[in-house]
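Participant: One structure, as structure tokens, below. Some questions next.
Nothing in this text is a laboratory measurement; each read-out follows from the coordinates by a stated rule. Owing to the predicted nature of the structure, the values given are computational and were not obtained by experimental measurement. Because the Cβ atoms are built from the backbone with ideal geometry, glycine has one as well, and the counts that use them run over all protein chains shown.
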Amino acid sequence: MTAGQIVGYVRVSSVDQNLARQLDGIKLDRVFEDKASGKDVKRPALVALQAFVREGDTVMVHSIDRLARNLVDLRAIVSGLNDKGVAVTFVKENLTFSADTSSPMNTLMLSMMGAFAEFERSMILERQREGIAAAKAAGKPAGRPERLKPADVEAIKARCAAGDSKVALAAEYNVSRGTLYAALK
């Protein structure tokens with residue numbers, strides 16, 4: 001196997017989260033960044049990374065939960081990369097998986113760590129559901145508060161009909177264009 005590139009993969013779940021702390025200080029030849037949920041394996045940067053890497057490359061990932069949120073997806077991604085001759089290193093867990101170091105112990109470690117990541121995600125979702133149920137039982141509204149009040153929506157509709165720019169209105173009301181368009185439906 002030839003020495004290849006060191007390729008980084010970083011992921012956060014939403015666009016307002018920061019990717020900077022992941023793989024900070026690690027020299028990488030290329031970095032693939034996703035701002036998407038880990039529940040989907042068809043993330044644009046992950047798909048691009050899988051197509052980009054070649055035999056001898058190493059993929060560096062901050063932690064197991066950044067690559068996949070469930071054990072089935074984790075094993076499939078790591079196995080797929082290993083089958084191409086690509087090693088996968090999880091920095092936080094200090095674990096490396098590659099075809100030539102594959103052993104029953106490595107398989108067990110990947111499965112255990114992946115199961116812990118999946119369990120942690122399940123616990124987060126359970127606490128979230130409990131919090132929503134408690135808020136509803138207390139008569140509090142669940143979810144994010146509306147960015148635009150009904151009176152704002154009516155004013156925006158009137159101003160749009162009068163020819164005002166939707167982009168300018170979105171900026172004035174401090175909402176995204178998507179939020180503005182959704183309110184106008």
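Participant: In the stretch 1-144, what % of DSSP beta bridges are antiparallel (nearest 5)?
Facilitator: The antiparallel fraction comes to roughly 20 percent.
Participant: Determine the sum of side-chain charges near Phe119: Lys and Arg each +1, Asp and Glu each -1, restricted to other residues whose C-beta is under 12 angstrom from that of Phe119. Numbers along the way, then the final one.
Facilitator: Working: positive: Arg69, Arg121; negative: Asp65, Glu118, Glu120, Glu126.
That works out to -2.
Participant: Checking understanding here: applying a Kyte-Doolittle mean of at least -1.0 and a length along the axis of at least 20 Å (C-alpha), which whole DSSP H helices in the chain pass?
Facilitator: Flagged H segments are 104-137.
Participant: Could you give each residue of the stretch 143-148 its phi-based ³J(HN,Hα) in whole Hz, using Karplus coefficients 6.51, -1.76, 1.60 with θ = phi - 60°, and x for Gly or Pro?
Facilitator: Couplings: x, 6, x, 4, 6, 10 Hz.
Participant: Then there's this: Ignoring GluC sites (Glu not before Pro) that are buried or in helix or strand per DSSP, and keeping those with at most 13 other beta carbon atoms within 10 Å, what is the longest stretch of the chain between them? Write out the running numbers ahead of the final one.
Facilitator: Details: sites that count: Glu55, Glu146.
My reading of the result: 56-145 is the longest stretch.
Participant: With a cut-off of at most 16 other beta carbons within 10 Å, and DSSP calling the residue loop, which trypsin sites (Lys or Arg not before Pro) in the stretch 41-105 qualify? Please list them.
Facilitator: Details: sites: Lys42, Arg54, Arg66, Arg69, Arg75, Lys84, Lys92; in loops: Lys42, Arg54, Arg69, Lys84, Lys92.
Filter output for the stretch 41-105: Lys42, Arg54, Lys84, Lys92.
Participant: Where is the GNM fluctuation largest for the chain (alpha-carbon springs, 10 angstrom cutoff): Thr96, Thr107, Thr58?
Facilitator: In the Gaussian network model the winner is Thr107.
Participant: Tell me which residues come under 5 Å, amide H to amide H, from Val31 once H is placed; ignore anything under 5 positions away on its chain.
Facilitator: Gly8
Participant: With the cut-off at 23 Å, tell me which of the pairs Lys136/Lys185; Lys39/Lys92; Lys35/Lys92; Lys42/Lys84; Lys149/Lys185 have Cα atoms farther apart than that. Spell out each step's value before the answer.
Facilitator: Details: Lys136/Lys185 27 Å; Lys39/Lys92 20 Å; Lys35/Lys92 20 Å; Lys42/Lys84 18 Å; Lys149/Lys185 14 Å.
Pairs exceeding 23 Å: Lys136/Lys185.
Participant: Okay, next question. Can you tell me which of Val47, Val86, Val153 moves the most in a GNM of the chain? Springs connect C-alpha atoms under 10 Å apart.
Facilitator: Fluctuation is largest for Val153.
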